[in-house]
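Throughout, read-outs are computed from the coordinates displayed, never taken from laboratory work. Since this is a predicted model, take the numbers as computed values, not measurements. FYI the Cβ positions are ideal-geometry reconstructions off the backbone, even for glycines, and counts take in every protein chain you see.
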Amino acid sequence: MKQLLRLALALFIAVPFAGCSQMGASNQAWSGEATARPLLLRQLQVLPTDEGARAVLLRLSRPPEGVRYSAGSRPARLVIEAMAADAGGDLPERQMPQDSAALKAVRVGRKNGVLKIVLEFSGEEPPPYSVREMADWILVRLGG
């Protein structure tokens, strides 16, 4: 009988704390999901290359899961879209400050998990280009 009382007392004490233990694990999982960083354009650089071309370096807040791009004319532009799960809420398109003669304007916005970066050029047609992804960087080589 004494052993039965000890067992009952042990269960009475342990059961409420076991519930707290489960709650703590759940809170840790929740907080891990809440710390996912939104996908943003952190830095924009336009640099000359050795061959006379230009390199546009776009640094993101984290590596994207995928990148797609396309060129358009009238006005001349290159549209780059970076996708990621949990990219963050929608952000209206806005113009980024830049001081390069190679670019007429740079616009950035985010909608439905897609970060859209538009490089606008003078003229009707975009220059020859290539796009490369490197972790959280996107390199756009213009001309040459």
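Apply the Debye scattering formula to region 41-142, with a single equal point scatterer on each alpha-carbon and no solvent, then give log10 I(q)/I(0) at q = 0.15, 0.19, 0.21, 0.24 Å⁻¹. Log10 of I(q)/I(0), two decimals: -0.57, -0.93, -1.14, -1.46. Between GLU124 and GLU51, what is the FRET efficiency for a Förster distance of 22 Å, r being their Cβ-Cβ separation, to the nearest 0.05? According to the calculation, E is roughly 0.35.
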